[in-house]
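Throughout, read-outs are computed from the coordinates displayed, never taken from laboratory work. As the structure is a prediction and not an experimental result, all values here were calculated from the model. Here the Cβ positions follow ideal geometry from the backbone for every residue, glycine too, while neighbour counts run over all protein chains shown.
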Amino acid sequence: MSSPMCERNLLLKIDSQSEPECCRPLRWSHSVHAPCFPPGFIEYVESNKVHVLGICYGLQLIVQQLGGEVRVGEKQEYGRMEIAVEKAVGLFGKKNIGDRQSVWMSHGDEAVKLPEGFEVVARSRQGAVAAVETPGRRFYGLQ
């Protein structure tokens with residue numbers, strides 16, 4: 001039995017490195033075969049106060065499934081990139097606005113419209129969304 005103080009967390013990590021070799025050319029976010037949450041998933045995680053962190057395609061999946069939009073980016077980002085903190089909250093709560101950090105990016109699609117209540121908390125040097133969150137709903141994402 002879980003204690004009321006126990007944190008519940010879920011990690012969604014789907015990326016080209018974890019896809020089977022045969023699926024890599026498939027652009028999942030624009031496909032009828034794109035992964036989606038099972039029925040009742042959002043209601044379950046919200047009613048049970050589960051924190052959900054989406055990494056790479058996990059961020060894009062969260063954005064799409066909660067009412068935002070993901071499109072093919074004007075500039076794809078591959079390799080070492082620099083991101084800048086836009087909001088020093090949640091994922092970047094111990095950082096200052098404007099702080100920079102080197103990360104590894106590997107994506108051609110990007111979140112262009114966020115679901116209601118989400119905020120961009122970091123962007124790449126090219127301006128693409130690098131991190132989002134909605135603390136009230138406990139959804140977080142890292143591109």
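Data table
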item	result
Virtual spin-label span in nm between Trp104 and Tyr44, 7 Å along Cα→Cβ	3.1 nm
Whichever lysines have a C-alpha closer than 18 Å to that of Lys75, once near sequence neighbours (fewer than 8 apart) are set aside	Lys113
Within-15-Å neighbourhood charge of Gln65 [Cβ basis; K, R +1; D, E -1]	-2
Distance histogram in 5 Å bins (all Cα pairs of the stretch 96-143, percent per bin)	5, 18, 33, 22, 16, 5
Sequence-distant residues sharing a close amide H with Val121 (under 5 Å, placed H)	Ala131, Val132, Glu133
Three-way shape label, the stretch 63-143, alpha-carbon gyration tensor, a/c 1.5	oblate
